[in-house]
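Working notes, beginning with the structure itself.
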Amino acid sequence: MKLELRGITKRFGALVANDHISVVVEPGEIHCLLGENGAGKSTLMNVLYGLYQADEGEILLDDKVQKFSGPGDAMAAGIGMVHQHFMLIPVFTVAENVMLGHEPTTFGDRLNVAKAREQVREISQRFGFDLDPDALVGDLPVGVQQRVEIIKALSRDAKVLVFDEPTAVLTPQETDELMLIMKQLKETGTSIVFITHKLREVREVADKITVIRLGKVVGEASPTASNEELASMMVGRAIELTIEKGKAKLGQPALVVDKLSVIDPIGQLVVNNISFDIKEGEIVAVAGVQGNGQTELVEAIMGLQSKVTGGITLNGRSLVGRSVREVLDAGVGFVPEDRNEDGLVSEFTIAENLMLDRSNGEPFVKHGTLQLATLAEFAEEKLTEFDIRAQGIGTHAGNLSGGNQQKVVLARELSRELKLLVAAQPTRGLDVGSVEFVHTRIVEARDSGVPVLVVSTELDEVVALADRIAVMYRGGIVGIVPGDTPRDVLGLMMAGEAPSGGKAA
Amino acid sequence: MSGNEPVDRQLPNISPEKATREPGQSGTASEPERSRWNVAMREILNGSAMISLLAVVLAIIIGGILIAVTDENVQATAGYFFSRPGDMIAAIWNSVSGAYVSLFQGSIYNFRRPGFANGIRPLMDTLTFATPLIVAGLGVALGFRAGLFNIGGRGQMLFGASAAGWVAFSFAGLPFPLHLIFAVVAGVIAGALWSGLAGLLKATTGANEVITTIMLNYVAYYFVYWMLSTQGLLQLPGSNNPKSPGMLPSAVLPPLFGQQYSLHWGFIIAILVTFFAWWLLNRSRLGFQFKAVGLNPDAARVAGINVPRMIVYVMLFSGAFVGLAGVFQVLGTVTTGFSAGIDAGIGFDAITVALLGRSKPWGVFAAAVLFGAFKAGGFAMQASQGISVDIVLVVQSVIVLLIAAPPLVRAVFRLPKPNLLSPLKSNKTQGKKAVVTK
């Protein structure tokens, strides 16, 4: 089916999220929408899926104008969507999830699960998925859950499939498999709209690339374009994808983690007997698929986990059993992995967020009273220094873009005297321009002699930053390898395979 | 993502969700579930002063309709509405305007009385009624700002009143200001401790403060009742009634403008306490940490703020304010001895006042004065127009209802939906001066 979006405009108050965007997706084509976060990709797709009504413009399917007043209409017209956050019910089986919303029934309004089961089998077979219709979705790995989403869309005869940032939650291997599935779907004539900001994926599968910036189409690119070309189109200026990073000037081991184990509040052993160290002036990146104990490792260092055994010492002082306050006071800077949940108070102003973890004393508090003048001066200074784009220091953090929010967190943490910087997923959800900024700052911290622990699920980031890479799998460290280890080796390690040969550093 | 702090346990369905989390899943799916209550609360607290104002207006209109519908003249004239509609309209006008005029005269200024000194007496009554409401409302509001719902105002007031009352009727011979100060301090501490108990339960075990404060109300009521019925504790010696002796004059809050008015020095204290609450919330370190805990306990914890300790502190402060309301009752309003009904529902009205005042100290102050006016005027309305004082309660309740449902008020008045998270546009007026969330 041919999909055409013609002059779509969507405004939210004064903000124009989509400004006369026109895109044509031919049948059997993988069309990539590339753009930074906040460029308007998701808004456009929500218009297509009937979740938003466009202020101007029209949607055409096979040259016929469509009117969608809700997702139901869009689905009926043959548009399917695979959401970034899966719309699945974990306690339902695959078949039940697939039939959800258009349940086939038999006489007396009884559910016809058998039919749904059959449908799942049939579609699975067609694409060579190995999928048990009776498995509970909650028990399935994320990559497989995504296939359930795909089957769900296909079972409603979707001719146009929209993938909204589908690889954000996948391992590199799962990503590769998804690429294969997308190619298969394309063979069968399904049109695919693929939304992403990851350049490597785009170049691998896209037939056509439309780049969106600030709500406008800024141009089309061919899949043969280089990463740099695509990135500069997205951002609107030349971009350094791999930041300049000199050789590490290593000092003494600063952070020493020795036989560390963590048991989480529900009693599971989430970090299992791991040991590593970080030297002054060194970046150690912990790679691994989300949920393999990295979060808990970081929380253990920060004093956020209660059941911790083994040793964590920073410059000879033990951090085990200390409160968060004491860990922060020991000179640990912390960029939490979820900045909205753990890093910022979104109803607080930028200024207030800049003193969030420094509310215990000078310079911002004297005699129990906030020093607002000092704070304002400090905030103004950081606003300029970290290039935080906002109306002013009184802007609420919740009103900032992700990149600017992260800059606020970084500004807060890097403006203290640091003995260790812990950055968990420092660029998650950030646009290319902000990624560059954050990476530069982290490397600067390293070069000033601060040991840095980076936790990331993005291989690109790990490779860009790390002097050494520790790969975690199921709570343990699979191996610690040099920063220039090839991606495929890292990918295998992330799946639990120990590195071949004696390459461990 | 660990959930071992008690604040994370408000919804029991979190832990299973986390338990089944597969490796690789981002876990963000649990977010909306977790914060639903939080979002509703924020929606209520972040509404503009405009919503508060409109809610009051709307409630007064609805009250007017009720007055008209229940008025006998209106009912009689409705029978022949189609032959002489003017009669019914006149009857409606008479009943509604009569009611609200008497409400005004009963609460602010009575033109029918001779002289300014007499005419202004209703306003004095209003402020007298408002005094305990102000401090109790501030206590509840402080809790709201820190994400805690203190419904235990009744219990905290009872304990505050009992402690203050006991000091005030015992210890004869202490000189005037000293005795009064002791009594006030005793009441404040008693209220703080009773509320702090709920805070401690939440901080250590995660017990929801809504439930514990409600239950502690009953404990307090029956405990105080028992003390009032027991010789040697709070009961008037030689009496069988569950009532305390009268307060000694050396511990009574003196009248502010002479004996002819009921208004006492508690009102001045209430103003000072409002200043203090403003400072606490907007300028103090503790207030900063309270607000951080209230708005995002996870971020507060990661920022090194001891969340359980803050919960205890907040409840201590909250209870201290509410306890002060109990003190005002026994040392200012009713100085002849108190019974177990001394709280007069103020502990609950304080919740409404805090909501109406958007949990901002001066907003609470204004809301408390409004409610004081309703109380003072309600009696006058009943006396002069024969309209049940319950109408005023209906108006108050409708206000709560409307404030709890801002979308409803917006719909009625066709107000635009506030776009809290829309990027970079609602802040133009805020400029660079607003460093701190007010």
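Of the residues making up the range B:102-118, those that are of a type outside the set (Val, Ile, Thr) and part of a loop (DSSP other than H, G, I, E, B) number 7.
From the list A:153, A:221, A:206, the one residue that fits, being in contact with a His (Cβ under 9 Å, 6 or more places away or on another chain), among the aliphatic types (A, V, I, L, M) and closer than 24 Å to residue A:5 by Cβ, is A:206.
Pick out the one residue from B:312, B:334, B:322 that is away from chain A (no Cβ under 14 Å), buried (at least 24 other Cβ atoms within 10 Å of the Cβ) and not hydroxyl-bearing (Ser, Thr, Tyr). Before the answer, list the steps.
Working: B:312 fails: buried (at least 24 other Cβ atoms within 10 Å of the Cβ); B:334 fails: buried (at least 24 other Cβ atoms within 10 Å of the Cβ).
That would be B:322, the only listed residue that is away from chain A (no Cβ under 14 Å), buried (at least 24 other Cβ atoms within 10 Å of the Cβ) and not hydroxyl-bearing (Ser, Thr, Tyr).
Out of B:90, B:99, B:163, report the one residue that is under 26 Å from residue B:318 (Cα atoms), in a helix (DSSP H, G or I) and either touching a residue at least 12 places away in the same chain (Cβ under 8 Å) or among the aliphatic types (A, V, I, L, M) (or both). Spell out the reasoning first.
On the way: B:90 fails: under 26 Å from residue B:318 (Cα atoms); B:99 fails: under 26 Å from residue B:318 (Cα atoms).
Every option except B:163 fails the conditions.
Residues of the range A:443-450 include at least one that is surrounded by fewer than 21 Cβ atoms within 10 Å (Cβ to Cβ), away from every other protein chain (no Cβ under 14 Å) and polar (S, T, N, Q). Within the range A:57-84, residues that are over 16 Å from residue A:5 (Cα atoms) sit with their Cβ atoms under 6 Å from residues that are of a type in the set (Lys, Arg), at 6+ positions apart or across chains, in these pairs: A:75/A:156.
Right, residue A:48: surrounded by 20 or more Cβ atoms within 10 Å (Cβ to Cβ), touching a residue at least 40 places away in the same chain (Cβ under 8 Å), over 23 Å from the mean Cα position of the chain (by Cα) and assigned by TED's automatic domain parsing to the domain that holds residue A:164 or not?
Details: surrounded by 20 or more Cβ atoms within 10 Å (Cβ to Cβ): yes; touching a residue at least 40 places away in the same chain (Cβ under 8 Å): yes; over 23 Å from the mean Cα position of the chain (by Cα): yes; assigned by TED's automatic domain parsing to the domain that holds residue A:164: yes.
Yes: the conditions hold for residue A:48.
From the list B:251, B:186, the lone residue that is buried (at least 19 other Cβ atoms within 10 Å of the Cβ), out of contact with any Gly (no Cβ under 7 Å at 6 or more places or on another chain) and modelled with pLDDT under 95 is B:251. Across the range A:292-319, which residue is nearest to residue A:401 (Cα to Cα) among those that are without any contact (Cβ under 8 Å) to a residue 40 or more places away in the chain, buried (at least 17 other Cβ atoms within 10 Å of the Cβ) and not acidic (Asp, Glu)? Among residues in the range A:292-319 that are without any contact (Cβ under 8 Å) to a residue 40 or more places away in the chain, buried (at least 17 other Cβ atoms within 10 Å of the Cβ) and not acidic (Asp, Glu), the one nearest to residue A:401 (Cα to Cα) is A:304.
What's the total number of residues in the range A:330-360 that are more than 9 Å from chain B (Cβ to nearest Cβ) and part of a loop (DSSP other than H, G, I, E, B)? Residues flagged as more than 9 Å from chain B (Cβ to nearest Cβ) and part of a loop (DSSP other than H, G, I, E, B) within the range A:330-360 amount to 2. For the range B:271-300, a residue qualifies if it is away from every other protein chain (no Cβ under 11 Å) and of a type in the set (Val, Ile, Thr), and the qualifying residues are B:271, B:273, B:274.
Of all residues in the range A:361-389, those being at the interface with another protein chain (Cβ under 7 Å from one of its Cβ atoms) and not in a helix (DSSP H, G or I) number 4. Just to be sure I understand, how many residues within the range A:214-233 are touching a helix residue (DSSP H, G or I) at 6+ places or on another chain (Cβ under 6 Å) and within 14 Å of residue A:431 (Cα to Cα)? Residues meeting the conditions: 2. If we scan the range B:174-183, do we find a residue that is of a type in the set (Val, Ile, Thr) and surrounded by fewer than 17 Cβ atoms within 10 Å (Cβ to Cβ)? So far as the range B:174-183 goes, yes, one or more of its residues are of a type in the set (Val, Ile, Thr) and surrounded by fewer than 17 Cβ atoms within 10 Å (Cβ to Cβ).
Table: residues versus (1) in the same structural domain as residue A:300 (by TED's automatic domain parsing); (2) modelled with pLDDT of 90 or more.
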position	(1), (2)
A:438	no, yes
A:459	yes, no
A:466	yes, yes
A:481	yes, yes
A:488	yes, no
A:502	yes, no
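The values are calculated or read from the model by the stated rules, or taken from the named source; none is laboratory data. Owing to the predicted nature of the structure, the values given are computational and were not obtained by experimental measurement. As a convention, Cβ positions derive from the backbone with ideal geometry for all residues, glycine included, and neighbour counts pool all protein chains shown.
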